[in-house]
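In what follows, a single structure is set out as structure tokens and then discussed.
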Amino acid sequence: MVRVKMHAAKTNLSRLVVQALAGEDVVLMRGDTEVARVVPLGPAEPAPDRSPRIPGRLRGMIDFDDRFFDPYPPSDPSQWDH
């Protein structure tokens, strides 16, 4: 097990990551207290298969009122969030 004080860990982070990837147990210390462990991550999960986006796929499923495209009525902008 490799125990490294925080200041030395900041200076030698790349080396510590290599040691962790090699299977060594790397522990970071603050004073005489163990505070963190450097461990390798497992293999990344592949991105889920997604179907390609198809324009117009929701056609007929969403209905807009004709007023939707009307200009916003002039009023006090401070009231818009309420």
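A few comments on the model shown:
- The mean sequence separation of alpha-carbon pairs under 8 Å and at least six residues apart, normalised by the residue count of the chain, gives a relative contact order of 21 percent.
- Scoring 40-48, 16-24 by mean Cβ neighbours within 10 Å over their residues and listing the highest first yields 16-24, 40-48.
- Trypsin sites (Lys or Arg not before Pro) within the chain: DSSP coil, no more than 13 neighbouring Cβ in 10 Å: 50, 53, 57, 59
- The H on the amide N of residue 5, modeled in the peptide plane, is under 5 Å from the matching H of 29, each at least 5 residues off or on a different chain.
- Residue-averaged 222 nm ellipticity for the chain, from DSSP H runs of 4+ at -39500 (n - 2.57), nearest 500: -4500 deg cm²/dmol
- Options [x] 24, 16, 11; [y] 31, 12, 9; [z] 57, 25, 9 - which one matches semi-axes √(5λ) of the Cα gyration tensor in Å as calculated here: [z]
- Selection from 22, 55, 38, by position along the positive dipole direction of the chain (Cβ): 22
Just so you know, all these numbers are worked out from the coordinates, no wet-lab data involved. Quick caveat: nothing in here was measured; it's all calculated off a predicted structure. For neighbour counting, all protein chains shown are included, and Cβ atoms are generated from backbone atoms with ideal geometry for every residue, glycine included.
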